[in-house]
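K.L.:
Mind having a look at this structure? Questions to follow.
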Amino acid sequence: MARIRRLAGWAIGERVRESFVLVPLLGMALFALLVPVTVMVDSLVGEVLVQLGEGAPDQTRQGYSELVESGRRVIQTIGPATLTVMGVVFSITLVALQTATDKLSPRIIYLFTRSWTTKLTLTVFLGTFVYTVGVLYLSGLFAGEERPFVPLLSTSLSVFLLVLCLLIFLCFVGNSVNLMRVTIVMDRIAGRTLEQIRYLARSAPPDSEDPSSGTVSHPVGAKVTHVRSRADSGVLTWLDERALAWWARRNDAFVRVIPSIGDYVPGNSVVLTVHSSRAVRAPERAARTLRTGRERSTFQDPAFGLRQIVDIGVRAQSPGVNDPTTVVQCIDRVQPLVEAFAEVSVREWTIHDRKGAPRAQLPIPAWEGFVDLAFGELMLQSGEHVQVTRRLSAALRDLEETVADDRRPALRRHRRELRRACERHLPEHLWEFALTPDRQGLGGGTGEAGGAR
């Protein structure tokens, strides 16, 4: 149950990160609430100054008037300026990101939309504009001869927001530049993916289940019900495990989820197989626990992070780019992901209710498929790039030395395919050189020759 609570917390955070407008909208509402508070404070300050200035010379009253006018000019300048700067900056950034996606992968644009720096920058700039416009409007309603508006707090807060805009603008520029650097992009993707894989590996099945298969059999003679999707057609992005376990417990049922996270789910297709001793109630509630989206997400989908890194490597090997060094950097990130996935001992993810009873199963990527995704495309296009073949040979050799015996056949198969790729694209006298393991591709330490046998 603790695992379900943790995943529920991740799901809420994932919804916030996926939404590009939620945080800015909440921020604008908060800044709008500050407007009446500061205006009322400044109005009270104006009343105090009027009382203190009764009988004061004309020079003092003129000083109050100049203070009011100066504050209004500052506020009038800050609001439009921040909005203009924000529009120009975001326009240039989107053009730069488009260039980056052309060179790397179109799927990395989500790093920009999910970035907290991007959301906070948009929040502060829009909030500053909303605040200054609101102050100017309400100050006209509160101002009067008996109750003058002296914008001391409003001006001070506006200047503070201006300074905050400048600081967060610098952070935004630095973050945007980093998103155009291939190594930083891959590190961010790999870090998130490695976190998901390690969590899968730590969550081993209970002793009563078969750890080699992760399979829990449904009750003998149970009634089988097929549940169709109630969501729009799209990619299965995540599963609400808490809601599904609660529904299965209420119906005394065991649920098998048919599609994997990342699969495309057509509308009204069969997505659940329910095994229960009686007719299930409200099957549509179970169907709504599967959430679809326009594109895949790294949440509950470790294969998607690997897919993005491999895409960068495949594009780097294309004739239009021809950048084998970037491919080597991709393999540097792929290898620890595959090594971590070797610790995942189940083929299906078992979901338990609060009493520990198994209630549902979700398929997860198989080891062979994960290895194929990691090395298949990179290997097939590597024949002409000796730097890539040497790095692949080193990665496959190192993995074969560290994983369990039952994991090694898939790696050996790719080593044989790597040798055949080299034999197809290179002259015979370069075969052994191309297959010599080198963790840097070229120029690093070498291991035994003929790395693929």
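The values are calculated or read from the model by the stated rules, or taken from the named source; none is laboratory data. From a predicted model like this one, the values you see are computed outputs, not experimental measurements. Methodologically, a virtual Cβ is constructed for each residue, glycine included, from the backbone with ideal geometry; neighbour enumeration extends over all protein chains shown.
K.L.:
Take region 332-364 and flag every residue that is closer than 27 Å to E401 by Cβ and in contact with a Gly (Cβ under 7 Å, 6 or more places away or on another chain).
P.N.:
Once the filter is applied, which keeps residues that are closer than 27 Å to E401 by Cβ and in contact with a Gly (Cβ under 7 Å, 6 or more places away or on another chain), region 332-364 yields V346, R347.
K.L.:
Let me ask something else about it. Looking at (1) modelled with pLDDT of 85 or more; (2) in contact with a helix residue (DSSP H, G or I) (Cβ under 9 Å, 6 or more places away or on another chain); (3) not in a strand (DSSP E or B), which is the one condition that is false for N178?
P.N.:
(1)
K.L.:
Say we look at region 211-230 and pick out the residues that are modelled with pLDDT under 80 and surrounded by 13 or more Cβ atoms within 10 Å (Cβ to Cβ); which of these is farthest from F370 (Cα to Cα)?
P.N.:
Of everything passing the filter in region 211-230, A222 is farthest from F370 (Cα to Cα).
K.L.:
Now a separate question. Out of all the residues in region 302-309, is one or more hydrophobic (A, V, I, L, M, F, W, C), modelled with pLDDT of 90 or more and crowded, with 19+ Cβ neighbours inside 10 Å?
P.N.:
yes
K.L.:
Sticking with this one: Yes or no: T77 exposed (fewer than 14 other Cβ atoms within 10 Å of the Cβ) and modelled with pLDDT of 75 or more?
P.N.:
For T77, the condition - exposed (fewer than 14 other Cβ atoms within 10 Å of the Cβ) and modelled with pLDDT of 75 or more - is met.
K.L.:
Another question, if that's okay. Across region 222-253, what is the number of residues that are farther than 22 Å from A366 by Cα, touching a residue at least 60 places away in the same chain (Cβ under 8 Å) and in a strand (DSSP E or B)?
P.N.:
Residues flagged as farther than 22 Å from A366 by Cα, touching a residue at least 60 places away in the same chain (Cβ under 8 Å) and in a strand (DSSP E or B) within region 222-253 amount to 3.
K.L.:
Now, a different point. Given (1) touching a helix residue (DSSP H, G or I) at 6+ places or on another chain (Cβ under 9 Å); (2) modelled with pLDDT of 90 or more, where does V163 come up short, assuming only one miss?
P.N.:
For V163, the failing item is (1).
K.L.:
May I ask you to list the residues in region 327-341 that are under 18 Å from T183 (Cα atoms) and either buried (at least 20 other Cβ atoms within 10 Å of the Cβ) or in contact with a strand residue (DSSP E or B) (Cβ under 6 Å, 6 or more places away or on another chain) (or both)?
P.N.:
Across region 327-341, the qualifying residues are V327, V328, Q329, C330, I331, R333, V334, Q335, L337.
K.L.:
Which of the residues that make up region 277-297 are in a loop (DSSP other than H, G, I, E, B), surrounded by fewer than 21 Cβ atoms within 10 Å (Cβ to Cβ) and in contact (Cβ under 8 Å) with a residue 60 or more places away in the chain?
P.N.:
R294, E295
K.L.:
In region 231-262, which residue that is aromatic (F, W, Y) and at pLDDT 85 or above is nearest to S277 (Cα to Cα)?
P.N.:
F254
K.L.:
Condition test on V344, is it within 30 Å of W247 (Cβ to Cβ), of a type in the set (A, V, I, L, M, F, W, C) and either outside the structural domain of A394 (by TED's automatic domain parsing) or surrounded by fewer than 19 Cβ atoms within 10 Å (Cβ to Cβ) (or both)?
P.N.:
Against the criterion (within 30 Å of W247 (Cβ to Cβ), of a type in the set (A, V, I, L, M, F, W, C) and either outside the structural domain of A394 (by TED's automatic domain parsing) or surrounded by fewer than 19 Cβ atoms within 10 Å (Cβ to Cβ) (or both)), V344 does not qualify.
K.L.:
Continuing with the same structure: Could you please find all residues in region 230-284 being more than 22 Å from the chain's Cα centre (by Cα), closer than 23 Å to D301 by Cβ and among the basic types (K, R)?
P.N.:
R230, R256
K.L.:
List the pairs whose first member sits in region 305-322 and is within 24 Å of G262 (Cα to Cα), whose second member is surrounded by 15 or more Cβ atoms within 10 Å (Cβ to Cβ) and among the basic types (K, R), and whose Cβ atoms are under 8 Å apart, counting only residues at least 6 apart or on separate chains?
P.N.:
Once the first residue is within 24 Å of G262 (Cα to Cα) and sits in region 305-322, its partners that are surrounded by 15 or more Cβ atoms within 10 Å (Cβ to Cβ) and among the basic types (K, R) give G305/R192; R307/R107; R307/R296; Q308/R107; I309/R333; D311/R107; R315/K103.
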